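Please read the structure below before turning to the comments.
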Amino acid sequence: MGANSSSFSDLATNPYLMRFASSEPISVHDPFWNQLLSYTFLIPINSSDAKLLEESTALTCKNLAINNCKTGNFGALVRKFLVRCTELKASAQCEDNIFTWQTYNALFIIRSVCKYLVEHLSEDLLIQQFDAKLPKEEGQTADVDDATPMGEQLMTALVELLVDVPVLNFTYALHLEALNALLVLLSVQMFQPMPASKFAVYKYMMEGKCSIHACLLVKALIRNYVNQEKCPAELYKNTTDSVGAIANMTASLASSLWSVVTLGMGSTNEKKEEEFNETLLANQSLLFLMVLTNHCTSDMALNNPYRQALFQFTNSQEQSTAPTTAHATFKTDFTELYKTLCSTLRDDQTTLLLYLLIHRNPNMKAFILSRTNIDQLVMPLLKILYYAQEKNSHHIYMALIILLVLSEDDVFNKAVHEISLKNVPWFKERQMSEISLGGLLILVVIRTIQFNIARMRDKYLHTNCLAALANMSAQFTNLHQYVAQRLVSLFSQLCKKHMKLVEQIRVSAMKESQRGDKVAAPEGQGQGHKDDEEEANQEDYMQDLAVLEEVIRMVLEIINSCLTSGLHHNPHLVYTLLYQKDAFGLFRSHPTFQDVIVNIDTVLAYFSTKLEQMGGNSSPSEVLQVIEQSSRQFRRDRLKKFPELKFKYVEEESPEEFFIPYIWSLVYHSSNMYFNATKIILFSLSS
């Protein structure tokens with residue numbers, strides 16, 4: 001590296017890197033450090049380049065790991081960075097770009113070394129690399145705190161950088177690299193099978209000096225996410241004449257800073273300007289926030305202050321009359337946060353943030369539920385579900401759970417039917433010039449159930465879908481005719497599956513009975529295995545039937561709830577029920593369904609009588625008119641009362657088992673950093 005431009009192929013033999021990794025101790029005051037940190041090199045613009053960069057420096061990192069315990073050179077570089085960090089606020093204020101550039105370069109090398117150490121060493125050995133002391137020189141005074149572990153000092157400095165240094169054009173990449181470095185250090189979770197609370201790096205974050213800044217750090221990360229700042233133009237403009245001249249060092253800042261900003265981005269050397277114009281800082285801030293707030297949540301011995309901060313922050317635009325909480329908190333603009341959530345609700349990490357806010361932050365949940373433009377939030381969620389085949393199952397579950405939590409509120413359930421939508425372009429099943437948001441929500445959730453109906457053992461997904469519909473059912477209003485058709489068609493589809501499954505069980509039982517009547521041949525060695533297999537199939541059939549009957553009952557309860565609460569508001573549903581009334585006859589005597597079908601039968605009998613009084617050959621519009629008129633005369637006390645359908649989402653007892661592998665898989669795929677997949681043990685890339 002050094003003051004000259006380097007290519008990836010040169011890095012393995014770069015004299016500055018070789019000396020850094022050698023067995024020669026280098027004093028923190030040696031001019032070598034300024035030479036090492038004044039480098040530029042070809043920009044890695046995709047994950048392949050990032051991998052090549054790591055492969056080119058792997059031997060250097062290995063030699064450093066071997067020699068550092070005697071030389072302390074890695075610790076010396078960290079010390080140089082720490083000293084620079086203390087001066088960085090003043091530097092940012094006077095726009096000293098060269099100082100910022102060299103600070104960034106130091107952090108990039110530190111992060112690259114840490115990444116190798118995290119992937120190849122145990123955490124104990126990683127901490128030893130930080131704390132290895134360089135030989136003491138005469139008259140040398142400590143310029144950093146020797147009482148605190150060097151790893152903790154580094155992480156604290158990075159947190160303070162994110163909190164105290166403003167995000168400006170020339171500090172953008174430094175903020176990004178600080179986030180990368182913290183993610184790399186915490187990624188130890190991916191490579192070692194141990195609870196997060198047992199790792200020293202997590203203890204540094206949760207209870208060390210870092211934790212003092214918890215509220216300010218969470219506030220800064222949310223601010224970065226809300227601002228959605230794009231990479232400054234000077235970070236990707238071409239600067240071919242910048243290398244080698246002191247006068248042009250500020251210009252060379254562009255290629256140096258951009259060297260890691262673009263890791264994992266793009267696929268060619270020629271990139272258009274708009275392709276670099278990505279909101280990378282917002283993305284990295286969000287990933288880091290998810291890592292911080294979802295670790296150390298179940299271990300009572302280790303408190304997570306970042307999680308508390310995320311769950312308790314309040315709206316800066318409102319004057320609070322509530323008493324001050326015992327925990328430290330902060331304020332942010334809820335309106336701006338809501339706008340950003342609505343406009344970026346496409347990927348897993350944004351959906352996960354919304355889930356945490358709506359499930360655990362009562363202030364943000366109340367704000368979201370009070371929005372008159374709730375369609376701006378619901379529509380992206382429905383689009384995620386609509387394209388379920390392109391999403392991972394975790395993403396689908398998160399979107400469904402958010403809808404379930406929203407559906408717990410009756411004001412929301414009423415509001416969605418009052419919002420009218422025109423020509424939803426991504427809904428391809430049927431062209432509808434106008435439909436309510438509530439109607440579209442019902443259609444998409446039913447489609448999600450039908451999409452997964454072949455995998456009926458996925459009880460979790462169907463339960464969440466039906467629970468959301470059940471919560472809303474008492475407020476179903478003016479259902480579009482297509483919505484009514486799809487709801488009743490779902491019931492018919494489930495009935496057909498039920499009949500088929502019952503027949504499979506009957507045939508299987510007959511075969512088993514016939515086998516029982518036969519005497520087994522003495523030489524038959526394969527018969528036992530066959531019997532076991534068919535017995536297992538029988539158990540699977542019975543399990544599927546139990547789940548299926550639970551789903552069918554919930555669908556009947558949803559229809560019953562709608563009729564009981566809003567019969568006169570839903571003539572299209574009554575029309576569709578009359579049209580497909582034969583489907584309900586199959587379950588009149590079934591003990592699982594007969595009680596809930598009573599009301600549906602009462603409604604069907606009432607309206608059938610009214611239609612018979614009209615005579616035959618009535619047009620659909622005339623039938624609908626009779627239904628509308630007769631519904632006003634229908635006495636609701638004729639219907640049997642059932643408990644109100646209300647379901648509440650409850651998080652699993654050990655959420656870390658789900659969230660930690662999920663979040664690190666998001667970091668692996670979405671952070672624009674390269675991680676060695678062969679070393680990962682936390683999750684399987686094939687799952």
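Brief remarks on what is shown
- Residue count, the stretch 379-434 (criterion: over 16 Å from Ala470 (Cβ atoms) and either open to solvent by 70 Å² or more (accessible area, probe 1.4 Å) or not hydroxyl-bearing (Ser, Thr, Tyr) (or both)): 36
- Residue that is farthest from Leu182 (Cα to Cα) [pool: residues in the stretch 660-687 that are in a helix (DSSP H, G or I) and either free of Cβ contacts under 8 Å to residues at least 12 places away in the same chain or among the small types (Gly, Ala, Ser) (or both)]: Thr678
- Among residues of the stretch 163-189, those that are under 25 Å from the mean Cα position of the chain (by Cα), β-branched (Val, Ile, Thr) and open to solvent by less than 10 Å² (accessible area, probe 1.4 Å), counted: 2
- Only residues that are farther than 24 Å from Ser671 by Cβ and modelled with pLDDT of 90 or more were counted across the stretch 38-61, and they come to 1.
- When each of Glu622, Glu656, Glu612 is tested for being of a type in the set (D, E, K, R) and touching a Cys at 6+ places or on another chain (Cβ under 9 Å), the lone residue that passes is Glu656.
- Qualifying residue in the stretch 453-460 (condition: without any contact (Cβ under 8 Å) to a residue 12 or more places away in the chain, part of a helix (DSSP H, G or I) and open to solvent by 40 Å² or more (accessible area, probe 1.4 Å)): yes
- Any chance Ser91 is of a type in the set (Gly, Ala, Ser), in contact with a helix residue (DSSP H, G or I) (Cβ under 8 Å, 6 or more places away or on another chain) and free of Cβ contacts under 8 Å to residues at least 24 places away in the same chain: yes
- Output for the stretch 190-223, where each listed residue is open to solvent by 10 Å² or more (accessible area, probe 1.4 Å), not in a helix (DSSP H, G or I) and not polar (S, T, N, Q): Pro193, Met194, Pro195, Gly208
- Residue selected from the stretch 662-676 under the condition over 16 Å from Leu281 (Cα atoms) and touching a helix residue (DSSP H, G or I) at 6+ places or on another chain (Cβ under 7 Å), by the criterion surrounded by the fewest Cβ atoms within 10 Å (Cβ to Cβ): Asn676
- Candidates in the stretch 278-311 are the residues that are in contact with a Pro (Cβ under 9 Å, 6 or more places away or on another chain) and not in a loop (DSSP other than H, G, I, E, B); of these, the one that is least open to solvent (accessible area, probe 1.4 Å) is Asn294.
- Residue within the stretch 593-609 that is touching a Cys at 6+ places or on another chain (Cβ under 9 Å) and under 29 Å from Asn452 (Cα atoms) present: no
- Matching entry among Glu657, Glu652 (being over 30 Å from Thr609 (Cα atoms), assigned to a loop (DSSP other than H, G, I, E, B), under 32 Å from the mean Cα position of the chain (by Cα) and acidic (Asp, Glu)): Glu652
- Within the stretch 595-608, not a single residue is touching a helix residue (DSSP H, G or I) at 6+ places or on another chain (Cβ under 6 Å), open to solvent by 70 Å² or more (accessible area, probe 1.4 Å) and not polar (S, T, N, Q).
- Hits in the stretch 463-499 (condition: in contact with a Leu (Cβ under 6 Å, 6 or more places away or on another chain) and outside any helix (DSSP H, G or I)): Leu479
- Any hit, the stretch 627-638, residues being more than 30 Å from Ser489 (Cβ to Cβ), touching a residue at least 60 places away in the same chain (Cβ under 8 Å) and either touching a Cys at 6+ places or on another chain (Cβ under 7 Å) or buried (at least 16 other Cβ atoms within 10 Å of the Cβ) (or both): no
- Listed by first and then second residue, the pairs linking a residue in the stretch 496-515 that is free of Cβ contacts under 8 Å to residues at least 60 places away in the same chain to a residue that is outside any helix (DSSP H, G or I) and loosely packed, with under 13 Cβ neighbours inside 10 Å, with Cβ atoms under 6 Å apart and 6 or more places separating them unless they lie on different chains, form an empty list.
The values are calculated or read from the model by the stated rules, or taken from the named source; none is laboratory data. Everything numeric here is computed off the predicted structure, so don't read it as measured data. As a convention, Cβ positions derive from the backbone with ideal geometry for all residues, glycine included, and neighbour counts pool all protein chains shown. Please note that ligands, DNA and RNA were not included when accessible areas were found on the heavy atoms of the full protein model with its side chains. Shrake-Rupley method; radii C 1.70, N 1.55, O 1.52, S 1.80 Å.
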